[in-house]
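K.L.:
Dropping a structure here in structure tokens format, bear with me for questions.
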Amino acid sequence: MTEQESFWENESFVVVTDRTKPAMKWTIEELEKKGKRIYIVDLSDDPEKGSVSRFSDLSPEIDCAVIGLTKTDPAHAVEELKTIGIKNFWIHWRTETDGTKKMSQDAVVHYIAGRCPMMYLADKGFNMHSIHRAVAKILGKY
């Protein structure tokens, strides 16, 4: 099992989104299907019902964070989440910044970046995510 696959074996997740990355919505849906405990921080201008818009509103008992932000630096979200004790982070593909790259050197946190969560979460049947997964494996980027 790869580190990316084992990340999803955890039980509770916070998904941080500004609703600019469609895969974040799909990530939430897949985690729900798997029966995981999910919290959503929606930093968009019009947050979804059931989400929170402040990190301080989160439970301190969350295993992992999945961050997909393009309007703000995801490094800010990592810093906020670290203060409540989260140590496992997935920075969504194509949202990594210089700030998050610096944080990847922090020995206190586990950090995955450069990968789309849906390559690992989506059903194994034939779909756009399984095609993405197959291409990534061929190119050695899985």
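Rule-based calculations on the coordinates, nothing more; no lab input. Just so it is clear, the model here is predicted, and its values are computed rather than measured. So basically every Cβ, Gly included, is an ideal-geometry build from the backbone, and we count neighbours across all protein chains shown.
K.L.:
With viscosity set to 1.002 mPa s and temperature to 20 °C, compute the Stokes-Einstein D of the chain, Rh being the Kirkwood radius across alpha carbon pairs; µm²/s, no decimals. Please report the intermediate quantities before stating the final value.
P.N.:
Details: Rh = 15.3 Å.
Taking Rh from Cα pairs, D becomes 140 µm²/s.
K.L.:
Sequence gap at least 6, Cα distance under 8 Å: using those rules, report the relative contact order of the chain to the nearest whole percent. Walk me through the intermediate numbers first.
P.N.:
On the way: 215 pairs, mean separation 31.0, N = 142.
Reported as a whole number, the value is 22 percent.
K.L.:
Going by how many other beta carbons lie within 10 Å of each one, how would you line up LYS137, LYS21, LYS49, fewest first?
P.N.:
Fewest to most other Cβ atoms nearby, the residues stand as LYS49, LYS137, LYS21.
K.L.:
Is the shape of segment 36-110 best called rounded, prolate or oblate, per the rule: a/c under 1.5 gives rounded, else a/b larger than b/c gives prolate, else oblate, with a ≥ b ≥ c the square roots of the Cα gyration tensor eigenvalues? Intermediate values should be presented prior to the final figure.
P.N.:
Details: a/c = 1.93, a/b = 1.24, b/c = 1.56.
Note, shape of segment 36-110 comes out oblate.
K.L.:
Sort 117-124, 95-102 by the packing proxy (mean of other Cβ within 10 Å over each peptide's residues), most packed first. Provide the component values of the computation, followed by the final result.
P.N.:
On the way: 117-124: 19.0, 95-102: 15.0.
The packing order, highest mean first, is 117-124, 95-102.
K.L.:
Is segment 6-67 rounded, prolate or oblate when judged by the Cα gyration tensor, a ≥ b ≥ c being the square roots of its eigenvalues, rounded requiring a/c under 1.5 and prolate requiring a/b larger than b/c?
P.N.:
On the way: a/c = 1.96, a/b = 1.28, b/c = 1.53.
Judged from the Cα gyration tensor, segment 6-67 comes out oblate (a/c at least 1.5, b/c at or above a/b).
K.L.:
For each of LEU139, LEU43, count neighbouring Cβ atoms within 10 Å of the residue's Cβ, then give the residues from fewest to most.
P.N.:
Details: LEU139 8, LEU43 20.
Ranking LEU139, LEU43 by Cβ neighbours within 10 Å, fewest first, gives LEU139, LEU43.
K.L.:
In addition: Run the numbers for GLU9 and THR83: contour at 0.36 nm per residue of separation, minus the present Cα-Cα distance, in nm.
P.N.:
Values: separation 74, 0.36 × 74 = 26.64 nm, distance 2.29 nm.
Between GLU9 and THR83, full extension yields an extra 24.3 nm.
K.L.:
Would you order TRP90, TRP8 from fewest to most other beta-carbon atoms within 10 Å of each residue's own beta-carbon? Walk me through the intermediate numbers first.
P.N.:
Values: TRP90 24, TRP8 19.
By the 10 Å Cβ count, ascending, the order reads TRP8, TRP90.
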